[in-house]
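The structure appears below as structure tokens.
The values are calculated or read from the model by the stated rules, or taken from the named source; none is laboratory data. This is a predicted model, so every value here is computed, not measured. Please note: Cβ atoms are built from the backbone with ideal geometry, for glycine as well, and neighbour counts cover all protein chains shown. In case anyone asks, the SASA skips ligands and DNA or RNA and just uses the protein heavy atoms, side chains included. Shrake-Rupley method; radii C 1.70, N 1.55, O 1.52, S 1.80 Å.
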Amino acid sequence: MGKHDPSQKEKIADDLPSVLLLRQPFVFKVYERQFSEKFRFLKPWESSLPLHQFLSTHAASVQAAFFSAGRPITTDILQNLPELRFIMTSSAGLDHIDLNECKRRGIKVANAGSIFSEDVADTAVGLLIDVLRRVSAANWFVKAGLWQQKGDYPLGHKLGGKRVGVVGMGSIGLNVAKKLNTFGCIISYNSRKKKPHVTFPFYPNIQELAANCEIIIICCALMDQTRHMIDKNVMMALGKEGIIVNVARGAIINEKELVQCLLKGEIAGAGLDVFENEPNVPEELFHLDNVVMTPHNAVMTEESMNNLYEIVIGNLEAFFSNKPLIFEVVQV
């Protein structure tokens with residue numbers, strides 16, 4: 001009797017459509033078995049070849065790619081993939097992709113759309129409450145045995161009634177504004193242009209927004225116009241009682257100036273899910289109990305990963321079947 005051919009799985013995999021990964025998006029790690037039943041994934045990290053050589057080897061077979069926000073998709077990479085026609089990114093943000101080159105080459109791009117909006121908004125509110133009420137610092141105070149030694153912990157601050165400026169009134173910003181509005185916060189916002197459907201007061205100037213708020217929450221996209229938009233001038237306008245929360249991209253804040261303002265007490269605190277040079281975080285922030293930090297995981301819930309898996313699979317199947325994409329990015 002003939003034995004089972006151990007290469008049978010490989011033969012089946014070879015018949016599946018090829019999809020390039022440059023590094024593993026977190027959702028791929030969670031759902032790798034399910035993904036691999038439908039597509040053959042090309043993984044350069046498993047190869048001994050240098051990246052450009054790996055890309056050249058597979059250039060003729062790669063029409064689709066699935067990328068995470070952690071790996072810049074540059075013109076150089078795209079030039080090594082002449083048959084590439086579709087990029088799926090696991091993020092809502094697009095700052096890691098050379099969209100101009102994609103448009104020039106006729107490469108379609110789809111992102112995670114608005115599926116993360118509620119989870120990111122929850123994190124923004126959680127970080128803000130933590131900074132105001134000193135939850136993480138008080139937790140450490142108890143666990144370190146300091147409650148018995150030192151007695152009462154210093155006072156925190158109430159959330160209700162705070163003047164909050166939301167920077168970026170897209171899906172995430174709107175979710176943040178609605179949640180904080182129910183807490184009794186007074187909301188205003190800044191964005192590239194006034195949103196006709198949003199009734200909160202609009203400030204076209206970021207410094208003016210900061211001057212009229214006690215808290216700013218950053219929810220906008222990273223682009224040339226927003227890089228280092230939150231600088232020392234904005235922080236000084238926010239003032240010594242001010243708090244900054246960032247759930248967008250680290251480089252929207254001038255991180256060096258933020259560190260100095262925090263160290264000098266020129267603002268009151270910060271809640272940060274993102275940083276300028278991840279995973280490197282300024283060590284000066286490690287010992288500040290008015291700074292709460294999370295490892296860029298605002299989107300990371302079981303529910304959002306399941307939704308993302310469905311969208312990635314749906315988009316890849318749609319591309320290979322020549323059907324409309326979900327959350328296709330309109331490139332102007």
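GLU118 falls short on exactly one of the conditions (1) more than 24 Å from THR294 (Cα to Cα); (2) open to solvent by 80 Å² or more (accessible area, probe 1.4 Å); (3) in a helix (DSSP H, G or I), and that condition is (1). Only a single item in (1) in a loop (DSSP other than H, G, I, E, B); (2) in contact with an Asp or Glu (Cβ under 7 Å, 6 or more places away or on another chain) is not met by HIS157, and it is number (2). Taking the criterion of being closer than 16 Å to MET293 by Cβ and without any contact (Cβ under 8 Å) to a residue 24 or more places away in the chain, the only residue of segment 139-153 that qualifies is ASN139.
Among the residues of segment 176-191, what is the count of those that are of a type in the set (Gly, Ala, Ser), surrounded by fewer than 17 Cβ atoms within 10 Å (Cβ to Cβ) and within 22 Å of the chain's Cα centre (by Cα)? Can you show your working first?
Step one: list which residues in segment 176-191 are of a type in the set (Gly, Ala, Ser), which gives 177, 184, 188, 191.
Checking the rest, the ones that are also surrounded by fewer than 17 Cβ atoms within 10 Å (Cβ to Cβ) come to 184.
This time we only want the ones that are within 22 Å of the chain's Cα centre (by Cα), so: none.
Of the residues in that region, 0 qualify.
Given the criteria free of Cβ contacts under 8 Å to residues at least 60 places away in the same chain, touching a Cys at 6+ places or on another chain (Cβ under 8 Å) and not in a helix (DSSP H, G or I), does GLY184 qualify? No; evaluated as a whole, the condition is false for this residue. Among the criteria (1) surrounded by 16 or more Cβ atoms within 10 Å (Cβ to Cβ); (2) part of a loop (DSSP other than H, G, I, E, B), the one LYS194 does not fulfil is (1). Scanning for something in a strand (DSSP E or B) and open to solvent by less than 60 Å² (accessible area, probe 1.4 Å), does segment 199-208 turn up at least one residue? Checked against the condition, which is being in a strand (DSSP E or B) and open to solvent by less than 60 Å² (accessible area, probe 1.4 Å), segment 199-208 yields at least one hit.
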